[in-house]
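Asker: What follows is a structure written as structure tokens; I'll ask about it next.
The values are calculated or read from the model by the stated rules, or taken from the named source; none is laboratory data. Not measured: the values here are computed from a predicted model. In this analysis, Cβ positions are derived from the backbone assuming ideal geometry, glycine residues included, and neighbour counts consider all displayed protein chains. These accessible areas exclude ligands, DNA and RNA; they are computed on the full protein's heavy atoms, side chains included. Shrake-Rupley method; radii C 1.70, N 1.55, O 1.52, S 1.80 Å.
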Amino acid sequence: MTMDAEQAFPLLGQIRRQVDEVSGRGRTGGALYFDVEYHPDIFRQHVRAALWLEIDPSRLAEAGAALAAHPEVAYATATTGTANLYASIDVATAQHFYRYLTESVATLPGLRHTATAPIHRTLKGPGPYLPTTA
């Protein structure tokens, strides 16, 4: 968890400190891992997309590290198949998403091909399903 997240949401920082205290290991001990699911409206990120990248295998680690450092990336992982790098993207607007693809993603080392899929609605996941009212 970064300091920015703790400053924006003090409760998250308090939870992290309590987990560190209970585990007795601090941040670097690796004893506990926790994942937080949240509604996209919390961060005002209204455009979500799946991003599949085909990266030259010799540059995969470098490209993966660069991709994971992008603030638009909620989750990134190496994978197998035609695409060997996947990322879940959260941004505020479609314009931001376009700029992200054409400016940040386009410069990743070893990039051969990209494919994207917008995520309009999540039907399965943690918590209750909340139907739209529209």
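Asker: Can you confirm whether Thr82 is open to solvent by 30 Å² or more (accessible area, probe 1.4 Å), within 15 Å of the chain's Cα centre (by Cα), modelled with pLDDT under 95 and of a type in the set (S, T, N, Q)? Spell out how you get there, then give the answer.
Answerer: Values: open to solvent by 30 Å² or more (accessible area, probe 1.4 Å): yes; within 15 Å of the chain's Cα centre (by Cα): no; modelled with pLDDT under 95: yes; of a type in the set (S, T, N, Q): yes.
The answer is no for Thr82.
Asker: Just checking, does the range 91-102 include any residue being in a strand (DSSP E or B) and not hydroxyl-bearing (Ser, Thr, Tyr)?
Answerer: yes
Asker: Can you name every residue in the range 47-64 that is farther than 23 Å from Tyr98 by Cβ and acidic (Asp, Glu)?
Answerer: Asp56, Glu62
Asker: Now for a separate question. Every residue in the range 103-133 that is modelled with pLDDT of 65 or more, of a type outside the set (S, T, N, Q) and part of a loop (DSSP other than H, G, I, E, B), please.
Answerer: Restricting attention to the range 103-133, the residues satisfying the condition of being modelled with pLDDT of 65 or more are 103-124, 133.
Subset that is of a type outside the set (S, T, N, Q): 103, 105-106, 108-113, 115, 117-121, 123-124.
Result: Leu108, Pro109, Gly110, His120, Arg121, Leu123, Lys124.
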